[in-house]
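Scroll down for the structure; my scribbles are underneath it.
The values are calculated or read from the model by the stated rules, or taken from the named source; none is laboratory data. A quick note: this is a predicted structure, and the numbers were derived from the prediction, not measured. Every residue, glycine as well, gets a Cβ built from its backbone with ideal geometry; the counts of neighbours run over all protein chains shown.
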Amino acid sequence: MIKFAAFLLIISPIYSFAQATFDELLEETNYLITDYERLSPWVAFYPLDSLHISPRHMDELEADFESLSDSVETINLIYYYHEWIFENLTSLVALDEFGQLEMTKAFASSLQVASSPDQNLVSFNLDEKTGGSYRSRMSLLIFRPSEFSDGYQILSEGPTDGYTAIHQLESTSGTKYLLKGEVMGCNTCFESYVDLVRIDSASFVYELNLHVIARSFNEGVSYDANTKILSINYHLNDLFQEVICPLNREEQQLYEHANTADYDTFYRCNCSYQWKGETFELIQSSFVQD
């Protein structure tokens, strides 16, 4: 079943560093991202003199760790890099020059950036570096329309793993955004999700939310920007037994049987929705036993 939800945006003032220009702040941010990329959760400590951080960041480490000698524990260091990078990103977003950036090229490659064509909505995603097979990401979803470019930001924190693509859809009621994301949950489990959102005054309203956990990398939720077709295709499995496609009477009976069956027997859910100018409408649906 398709789920609907609504969330309120957090409105926050963001302040840039007084001594740093936009270019200097961007350069520092990319240094931090590049330095963060080389950190490994499998290394216990890193020498302080190997870190490419500013004096103010070094001062912060020294202030928080009174017994700091010549190295710092990696698990703590990863946390600080998360904080520093996202602090810089929110400061950059508050500046007018941010709107002139080419989002996919402005930042070091290990920071995944997804931006809507109008650049009003941007998702920043960073590998969380937990060391596990779940490739979780730290993410920051920022809404920055031109009418809020005076030092204030409307921030909405997206799902933990962020979005990898943001599509813009024009409707009779205004601009809507389709946000697409995916993440490897384990070596053989793949999560994909799609949200359709609109901005209503100070509210970030989710009109559509789809989420699938599949056992195959080729299954899940997908979107074709050319045809504007939203597709769902997956087999029921031990991690995800929900059917999110509509069922007819015969398919409902088959689904009830599938809930008591061994998952060595494959049951596939498949449906497609076409964008119709205001929302997505069902054009095809099936639930079958393969």
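Among the residues making up the range 36-50, those that are under 28 Å from the mean Cα position of the chain (by Cα) and charged (D, E, K, R) are GLU37, ARG38.
Restricting attention to the range 161-204, the residues being at negative phi and either part of a loop (DSSP other than H, G, I, E, B) or among the basic types (Lys, Arg) (or both) number 11. Looking at GLU62, is it acidic (Asp, Glu) and crowded, with 20+ Cβ neighbours inside 10 Å? No: the conditions fail for GLU62. Per this entry, SER40 is counted among residues that are modelled with pLDDT of 90 or more and either in the same structural domain as GLY132 (by TED's automatic domain parsing) or not in a loop (DSSP other than H, G, I, E, B) (or both).
Residues in the range 191-244 that are of a type in the set (Phe, Trp, Tyr) and under 17 Å from LYS176 (Cα atoms) were compared, and the one that is surrounded by the fewest Cβ atoms within 10 Å (Cβ to Cβ) is TYR206. Candidates GLU147, GLU157: the one that is at pLDDT below 85, acidic (Asp, Glu) and in a loop (DSSP other than H, G, I, E, B) is GLU157. Mind checking which pairs have a first residue in the range 223-234 that is in a loop (DSSP other than H, G, I, E, B) and a second that is at pLDDT 95 or above, Cβ under 6 Å, 6 or more apart or different chains? Correct list of pairs: ALA225/HIS167; LYS228/TRP275.
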